[in-house]
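**Student:** The structure's right below; bear with me while I get my questions together.
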Amino acid sequence: MTATTDRAAARRSLEGLALGDAFGERWFPLFREPRRALREIRDRRTPEESPWHWTDDTAMALALLRVLDEHGEVRPRELALAFALGYAADPARGYGHGMHQLLPRLRELPGQWREFARELFGGEGSLGNGAAMRVAPLGAFFHGSLPRVVAEAGRSAEVTHAHPEGVAGAVAVAVAAALSARGSLTVAEVVALTPDGAVRDGLARAAEVPFATEPWRASDLLGNGQRIRAGDTVPFAVWCAARHPDDLVSALWSTAEGFGDVDTTCAIAGGIVAARTGVAAVPREWLERREPLPGGSGPASSRESGAGGR
Ligand SMILES: [Mg+2]
């Protein structure tokens, strides 16, 4: 397979994913006071404490993009090992229960990913949102071929999320990111390429929710990730991205307004929108507050400033 790949679009998406992850994570403590949190989000009051640390969403996206950069495709064994090494380097990034079980095993025996991933959750495999939260850069990487986006996203998901809903969530987000990179994101087209099941049903409902709807109301209808399932997470995040296809900052504010699993919904929406926009229009203070990514290639001038990065 020789379809053209786009590393620059993938990197843009990764930057937006990490920004959304870190921005979203800042809101968790405030959700204990929901009225105040909603007011602050609607007033667009930027969280002040810094750095904004990124979480497992970004750690796993970094591992995925490293495999794509190195091999030009998803190689499940290599991906399993990359996820496991990222976990071993810093297991306190907010990984879910299933990944705490799985990733140490994959470090020892990465070739057995299929069997280990299937054993999770009583043999059903995970239907969580973990394969969706990390996959937007893959969609940007392969945006030249939507069939390839679907195939590679599925392969990337199965390494940890064997349940069909976990896989469908990843396919949907990767397709959305690919469409975004092409400048033609619509929820309806994401529905068309998503496998049957709860994720697709939720996306079909999302396609019917007018963009004039307030985001908190849309999240009531579509779910906000509170149940940590792909079907409860992906439809609202894709809806928010499609509501603001050219405005990453507005997409993140809208997504945060849904509360729930807010680092993950913001990572998904951020990764999708930034596949098109990058982070150039994001306020400088946001980029400075976000914990740098390993490799140092954050915002264009972060190397020159030398601030904080290691
Ligand atoms: Mg997270």
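**Student:** Given springs between every Cα pair under 10 Å in a Gaussian network model of the chain, which of 275, 140, 151 has the largest fluctuation?
**Tutor:** Maximum among the listed residues: 151.
**Student:** Filter the DSSP H helices in the chain by two things, a Kyte-Doolittle mean of at least 0.0 and an axial alpha-carbon span of 15 angstrom or more, and list the hits by number.
**Tutor:** Details: long enough: 7-25 (27 Å, -0.15); 56-71 (23 Å, 0.27); 76-89 (20 Å, 0.85); 97-108 (19 Å, -0.93); 113-123 (16 Å, -0.59); 146-158 (18 Å, -0.09); 164-182 (27 Å, 1.25); 230-243 (19 Å, 0.66); 262-277 (21 Å, 1.01).
Membrane-span-like by this criterion, though nothing is claimed about a membrane: 56-71, 76-89, 164-182, 230-243, 262-277.
**Student:** Carbon and sulfur atoms: what percent of the 1.4 Å accessible area of region 7-289 do they account for?
**Tutor:** The nonpolar share, carbon plus sulfur, comes to 49 percent.
**Student:** If the elastic network links every pair of Cα atoms under 10 Å, which of 94, 223, 271 fluctuates the most in the Gaussian network model of the chain?
**Tutor:** Result: 94 has the largest fluctuation of those listed.
**Student:** Return a whole-number percent for the relative contact order of region 7-289, with Cα pairs under 8 Å and 6 or more residues apart as the contact set.
**Tutor:** Values: 600 pairs, mean separation 77.0, N = 283.
Value for region 7-289: 27 percent.
**Student:** Now, a different point. Which residues does the label zone of residue 46 cover in region 252-284, counting backbone N under 14 Å from a point 7 Å along Cα→Cβ?
**Tutor:** It comes to 253, 280-284, nothing else.
**Student:** Could you tell me, in Å, what Rg and Dmax come out for the Cα atoms of the chain?
**Tutor:** When restricted to Cα atoms, the chain yields Rg and Dmax of 17.4, 52 Å.
**Student:** Filter the trypsin sites (Lys or Arg not before Pro) in region 10-110 to those in DSSP coil with at most 14 other Cβ atoms within 10 Å of their Cβ, and list the result.
**Tutor:** 44, 45
**Student:** Which value in nm describes the separation of the simple spin-label points at residue 188 and residue 33, placed 7 Å from the Cα toward the beta carbon?
**Tutor:** Once both label points are built, they end up 4.4 nm from each other.
**Student:** If I model a spin label as a point 7 Å beyond the Cα along the Cα-Cβ vector, how far apart are those points for residue 285 and residue 92 in nm?
**Tutor:** With each label placed 7 Å out from Cα toward Cβ, I get 2.8 nm.
**Student:** Connecting C-alpha atoms closer than 10 Å in a GNM of the chain, tell me which of 262, 135, 249 has the biggest fluctuation.
**Tutor:** 249
**Student:** Also, I was wondering about something else. If you bin every alpha carbon distance in region 58-125 into 5 Å steps from zero, what whole percent lands in each bin?
**Tutor:** Calculated over all Cα pairs of region 58-125, the distribution is 4, 19, 27, 25, 19, 6, 1 percent.
The values are calculated or read from the model by the stated rules, or taken from the named source; none is laboratory data. Just so it is clear, the model here is predicted, and its values are computed rather than measured. Virtual Cβ from ideal backbone geometry, glycine too; neighbours counted across all protein chains shown. For the accessible areas, the whole protein counts, side chains as well, though only heavy atoms, and no ligand, DNA or RNA atoms are used. Shrake-Rupley method; radii C 1.70, N 1.55, O 1.52, S 1.80 Å.
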